Amino acid sequence: MLDRNNFSKEAELVSQWVQNYLKNIDSFPVKSQVQPKDIYNQIPDSPPLESENLESILKDLNEIILPGITHWQHPNYHAYFNANSSVESLLAEHITTAIAAQCMIWETSPAAAELEERMMEWLRDNMALPKSWEGVIQDTASTATLAAILTAREIKTDFRSNVEGVPNNLRVYCSKETHSSIEKAVAISGIGTKNLVKIEVDEKMRLIPEALEKRIEADIAQGLVPCCVVVAIGTTGTVAVDPLKPIARICKKHDIFLHVDAAFAGTALLLPEYQWMIEGIEEADAFVFNPHKWMFTNFDCTAYFVKDVQALVKTFEVLPEYLKTKTRGQVNDYRDWGIPLGRRFRALKLWFVLRSFGLNGIQKRLREHIQLTEYFAENIKASGNFELVLPAFLNFSCFRFHPPHIQDEEQLNQLNEELVQQINASGHLYLTHTKIKGKYVLRMVIGQTYVEQKHVDHALEVIKSMAETLV
Ligand SMILES: *Cc1c(COP(=O)(O)O)cnc(C)c1O
């Protein structure tokens, strides 16, 4: 066991390791190249009986673990959505781990609760969210969406479902493009996935409000009870933005809880020029976005905002004798604002990031990512062998290899599947794909904190040269 009064040598080793890792991260294959069980088989089947020194643990970290890591902080990580980080965030996380407080209620660390309250206000006020809303940090957007759907369920059933169980006629609506976390939440909530209605999307992959209203009215006519609508501001496949305002109007008319999932694209609301994305938000009930995707704050950190805190708290509140405190009612006891009792001190890393970057610094970096994406998209468009499948939006674009002499869709799909596999196997970059109206397309996300134009040029080079070898 290390001595808590004397570990500067070990701390220095780790600190050096971290600096070297980030300094040399460009030299690693972005996507781990190992096969299943490669790592497992190198780990002994039982722990050592006697103490090992840190040097030997770090040696194995380099030799055994690192090859099995996919480097999310590599500037050529362009897969899924980013989960970016920053030096500020990692330093704050280090301190959080040193303090290692369990921040379930105000009294178990007042600073954690009150800094969290302030950080949520900072974000709310700079993202054009209504001033009267309140926020809480959750681990993931999946958890926040589950909280939203549970709250919607309780409101719709007069807070009886928590006690009596869930009626089987509640209905939840979202577009066909929304994230799988909605389906998971509907399953866990007891509402049942057969009561999740997936609404058609338009040519830009956005939910069609008229189709939504028709389904709601048909359901009501059948005696079903519309309970919650989930709007996506930035879908996972193509970053489509559902039209919030007309959907909010429909929800208001039929008294339906409206939850807004902006897990990835929400960060762009820090830019005034993108605040149109949530026009109509005053009529919604809940909003979630992930600072742990594009806001330079390492996983996990999800910001969940609600219009009516009382409804949220009433959904989750439990009050065993051992958690009764004198300050209850005067302070935020966040254990009642979500699912887990135990909570990490996550506000600290937001505070470090927001202060060290400054709002201007964050905006500057976001705009740079958006510009790099436009640069990438222009370049793809200009090269005769590729096609931009949708206009670039935010830091996202999608494209496919489409040499003019090949018109067969099946063949194009196969080519693009092969292309993405070869690119990822090369280790130079990491891309993922989606399907748009039957077309297999490559997604390109440019959102790593330290990405520069040279990395985008490198990506273009790799994509083009690998494609050439396929035909
Ligand atoms: C990433 C994402 C999620 C899930 O986020 P987690 O924090 O991993 O649960 C949900 N919705 C959208 C639109 C996303 O992009």
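The values are calculated or read from the model by the stated rules, or taken from the named source; none is laboratory data. Since the structure is predicted, the reported quantities are computational estimates derived from the model, not experimental observations. Cβ coordinates were reconstructed from backbone atoms using ideal geometry, including for glycine residues, and neighbour counts include every protein chain displayed.
Does Trp106 satisfy the condition of being under 23 Å from Leu270 (Cβ atoms) and among the aromatic types (Phe, Trp, Tyr)?
Numbers: under 23 Å from Leu270 (Cβ atoms): no; among the aromatic types (Phe, Trp, Tyr): yes.
Spelling it out, it is not the case that Trp106 is under 23 Å from Leu270 (Cβ atoms) and among the aromatic types (Phe, Trp, Tyr).
Within segment 258-276, which residues are outside any loop (DSSP other than H, G, I, E, B) and either crowded, with 24+ Cβ neighbours inside 10 Å or small (Gly, Ala, Ser) (or both)? Show your work before the answer.
Taking segment 258-276 and keeping what is outside any loop (DSSP other than H, G, I, E, B), we get 258-261, 265-270, 272-276.
Result: Leu258, His259, Val260, Asp261, Ala265, Gly266, Thr267, Ala268.
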With the structure loaded, tell me whether Ile256 is more than 14 Å from the ligand (Cβ to nearest atom), assigned by TED's automatic domain parsing to the domain that holds Ser180 and within 20 Å of Glu183 (Cβ to Cβ) or whether it fails that test. yes
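For Thr297, indicate whether it is surrounded by fewer than 24 Cβ atoms within 10 Å (Cβ to Cβ) and either farther than 15 Å from Ile137 by Cα or assigned by TED's automatic domain parsing to the domain that holds Thr157 (or both).
Details: surrounded by fewer than 24 Cβ atoms within 10 Å (Cβ to Cβ): no; either farther than 15 Å from Ile137 by Cα or assigned by TED's automatic domain parsing to the domain that holds Thr157 (or both): yes.
No, not satisfied.
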Please enumerate the residues belonging to segment 128-161 that are within 16 Å of the ligand (Cβ to nearest atom) and in a loop (DSSP other than H, G, I, E, B). Asp139, Thr140
Residues Ile65, Ile43, Ile95, Ile99: which one is over 27 Å from Thr432 (Cα atoms), without any contact (Cβ under 8 Å) to a residue 60 or more places away in the chain, among the β-branched types (Val, Ile, Thr) and loosely packed, with under 15 Cβ neighbours inside 10 Å? Ile43
Tell me, yes or no, whether segment 292-299 has at least one residue that is modelled with pLDDT of 95 or more, within 16 Å of the ligand (Cβ to nearest atom), touching a Pro at 6+ places or on another chain (Cβ under 6 Å) and closer than 23 Å to Met120 by Cβ. yes
